[in-house]
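Take a look at the structure set out below.
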Amino acid sequence: MAATLNGLLLPVLVFVLFLTHSASGKHSRLIRHYKFDIKLKNVTRLCHTKSLITVNGQFPGPAIVAREGDRVIIKVKNHISNNVSIHWHGIRQLRSGWADGPAYITQCPVQNGQSYKYKFTITGQRGTLWWHAHISWLRSSLYGPIIIYPKKNASYPFPKPHQEVPIIFGEWWNADTETVINQAMQNGGGPNVSDAYTINGMPGPLYNCSAKDTFKLKVIPGKTYLLRIINAALNDELFFSIANHTMTVVETDAVYVKPFQSNTILISPGQTTNVLLTTRSQPPTARFLMYARPYVTGSGTFDNSTVAGILEYAFPNSTAGKFPLIKPVLPALNDTSFATNFSKKMRSLTPPPVPQTVDRRFLFTIGLGLNPCTTGQTCQGPNGTMFGASINNISFVMPTTALLQAHFFGRSKGVYNRTFPDNPPFLFNFTGTPPNNTRTLFDTRVKTIPFNTRVELVLQDTSIVGPESHPLHLHGFNFFIVGQGVGNYNASSDPSKFNLVDPPERNTVGVPSGGWVALRFKADNPGVWFMHCHLEAHTSWGLKMAWVVLNGNGKSQSLPPPPKDLPSC
Ligand code: C2O
């Protein structure tokens, strides 16, 4: 039944989804049950077969489909030797932090043979989000869409599309990705780049031995399609364009935006973007390539390749397969002015509840640093160093037990300390000449704030190793992007330009290369909430931290005790 909800065809769902109702008060509430079996499956891409870690043997993984207001229960059972945890990226998890999923932050991972039930209610959100593994680099193959329909009596703020199609970008490595990151962490250099980008798991015709694995979008003339675009790539922001077709952006990170048109969209790892695609009224005698390829600002190596899919109009006599292929034109790899203009077009559709005044102000510098080699051999970072990455110069050290448990039971001693700095430890020209000392400090530090604190957080890129765009993701909240700029943030002149009326509301923001972004959010969700760069290499190097939001008054402002099946470390 849910398999054809709103015309979205997801036949796989019938195997993993069943529905029940629960009586909560006088209203019956829909509960959607899923079963995620983590298991190995041989998958071949680019003529290379590897044993891939999958959910239910599917790659990409199954979609979670629900409506706003539904309760979702996903039983994750781990049949493999790696520890696993799953994060429901963008789900607010109001008072359900135990179900958020980042390993060693809100839970110990699920070990081989164990299972854990993630339980949460989808409150005040509708649109596209996604789920992914949240431990080491397992998300390279463990990811899938979360599709949230509006409530039964609600409709989209745009005409109902003829069909809805998830478009998930990913990265494929021929090598084992755990080996890739483990080697990089040991030698201090950048991890080996992927062998291909993928659309819905398929690299497409521009790679060797890959033409048969091409995503095709078959359309009919004169219809509107809703593309639910997700960037699940590990290390690359992506441009996406479809030849000779314009997209209308209508939603980002499960929040409606004022519609705007664009031939190309830019999407960072972690972000989701819903676009409307209206097909020609007359079927053209051509096929149209869709391309995704990276937007790159950093100085390191990256996968400079392009994934292609094909938009194909249905023709009665099925000759369409022979029509010429038209290529889209994408911005240059380092087109930062495109990035700036694109993000400036984003506005919330309806004025959101932006805090007009704030209780606490924070300035966090984010970026890379270089640390001395500790291996005894020559390290492979610049000049024999090891790459580090930090927030306010702290490279976050993963604890060996979950922060949320330590916090909840008052056993933080030896697990974390509360000294995360509100401001950079020393001032320098953040986007100018780097300081002499580029070392980062390794520690497990959190920032503790009371319930309902109205936070203003400025994220400032540093050019210590080189300016670079960083997609920062905050768990447990959406934030409002009230301002952004190039160079160093100026606390006396920049706030007067903030948009406190209709700023975009997101869970992941691209901090501009060599610039800053100002966010506001209200800390109305008690728990421990991870914040990190969604470029997986940077996360591995320590570009991450956690907020501890204390309980407020009474039950409705407090985190309930952990579920009985919460894994232990
Ligand atoms: Cu999409 Cu902490 O992650």
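The values are calculated or read from the model by the stated rules, or taken from the named source; none is laboratory data. Fair warning: this is a prediction, and the values are worked out from it, not measured in the lab. For neighbour counting, all protein chains shown are included, and Cβ atoms are generated from backbone atoms with ideal geometry for every residue, glycine included.
For THR453, state whether it is among the β-branched types (Val, Ile, Thr) and surrounded by fewer than 21 Cβ atoms within 10 Å (Cβ to Cβ).
Numbers: among the β-branched types (Val, Ile, Thr): yes; surrounded by fewer than 21 Cβ atoms within 10 Å (Cβ to Cβ): yes.
So THR453 fits the description; yes.
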Which members of region 476-506 meet the condition of being under 18 Å from ALA254 (Cα atoms), more than 16 Å from the ligand (Cβ to nearest atom) and not β-branched (Val, Ile, Thr)? PHE480, ASP502, PRO503, PRO504, GLU505
If I filter region 172-207 down to residues being in a loop (DSSP other than H, G, I, E, B) and of a type in the set (S, T, N, Q), which single residue comes out as surrounded by the most Cβ atoms within 10 Å (Cβ to Cβ)? SER194
Any hit, region 519-533, residues being closer than 17 Å to LEU138 by Cβ and either assigned by TED's automatic domain parsing to the domain that holds THR179 or at pLDDT 95 or above (or both): yes
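Residues that are within 23 Å of GLY144 (Cβ to Cβ), hydrophobic (A, V, I, L, M, F, W, C), outside the structural domain of GLY90 (by TED's automatic domain parsing) and within 16 Å of the ligand (Cβ to nearest atom): does region 264-286 have at least one?
Step one: of region 264-286, the residues within 23 Å of GLY144 (Cβ to Cβ) are 265-277.
Restricting the remaining residues to those that are hydrophobic (A, V, I, L, M, F, W, C) gives 265-267, 275-277.
Pick out the ones that are also outside the structural domain of GLY90 (by TED's automatic domain parsing) and you get 265-267, 275-277.
Of the ones still in play, those that are also within 16 Å of the ligand (Cβ to nearest atom) are 267.
So far as region 264-286 goes, yes, one or more of its residues are within 23 Å of GLY144 (Cβ to Cβ), hydrophobic (A, V, I, L, M, F, W, C), outside the structural domain of GLY90 (by TED's automatic domain parsing) and within 16 Å of the ligand (Cβ to nearest atom).
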Taking region 448-475 as the search range and keeping residues that are assigned to a strand (DSSP E or B) and within 16 Å of the ligand (Cβ to nearest atom), which one is nearest to the chain's Cα centre (by Cα)? HIS473
State all residues of region 107-140 that are of a type in the set (D, E, K, R) and out of contact with any Leu (no Cβ under 8 Å at 6 or more places or on another chain); if no residue qualifies, say none. LYS117, LYS119, ARG126
Among strands (runs of 3 or more DSSP E) entirely inside region 84-171, those with 3 or more residues being within 14 Å of the ligand (Cβ to nearest atom) and modelled with pLDDT of 95 or more are 86-89, 127-133, 143-149
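With the requirement that a residue be of a type in the set (A, V, I, L, M, F, W, C) and near the ligand (Cβ under 10 Å from one of its atoms), what does region 520-547 give you?
Selection gives TRP529, PHE530, MET531, CYS533.
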Please work out if ALA314 is within 16 Å of the ligand (Cβ to nearest atom), within 19 Å of GLN163 (Cα to Cα) and aliphatic (A, V, I, L, M). no
Please indicate, with yes or no, whether at least one residue in region 343-351 is of a type outside the set (A, V, I, L, M), outside the structural domain of ARG126 (by TED's automatic domain parsing), in contact with a His (Cβ under 7 Å, 6 or more places away or on another chain) and closer than 22 Å to ARG228 by Cα. no
The one condition in (1) on the phi > 0 side of the Ramachandran plot; (2) surrounded by fewer than 23 Cβ atoms within 10 Å (Cβ to Cβ); (3) not β-branched (Val, Ile, Thr) that GLY476 fails to fulfil: (2)
If the requirement is being over 17 Å from TRP172 (Cβ atoms), of a type in the set (S, T, N, Q) and not assigned by TED's automatic domain parsing to the domain that holds THR128, which of these qualifies: THR214, THR224? THR224
I'd like to know if region 320-327 contains one or more residues that are more than 16 Å from the ligand (Cβ to nearest atom), crowded, with 20+ Cβ neighbours inside 10 Å and either at pLDDT below 95 or aliphatic (A, V, I, L, M) (or both). no
Go over the candidates THR433, THR419, THR438 one by one and state the one that is at pLDDT below 95, closer than 29 Å to ILE135 by Cα and either polar (S, T, N, Q) or not in a loop (DSSP other than H, G, I, E, B) (or both). THR438
Among the candidates ALA314, ALA332, residue that is more than 22 Å from the chain's Cα centre (by Cα), at pLDDT 95 or above and not assigned by TED's automatic domain parsing to the domain that holds LEU129: ALA332
Spans of strands (runs of 3 or more DSSP E) in region 495-547 with at least 1 residues over 20 Å from THR340 (Cβ atoms): 515-522, 527-533
Is it true that ASP195 is outside the structural domain of LEU370 (by TED's automatic domain parsing), closer than 30 Å to GLY384 by Cβ and either within 21 Å of the chain's Cα centre (by Cα) or away from the ligand (no atom under 16 Å from the Cβ) (or both)? yes
Taking GLY97 as the residue in question, decide whether it is at positive phi and in contact (Cβ under 8 Å) with a residue 40 or more places away in the chain. no
If I filter region 234-257 for residues that are over 18 Å from ILE310 (Cβ atoms), over 25 Å from the mean Cα position of the chain (by Cα) and not aliphatic (A, V, I, L, M), do I get at least one hit? no
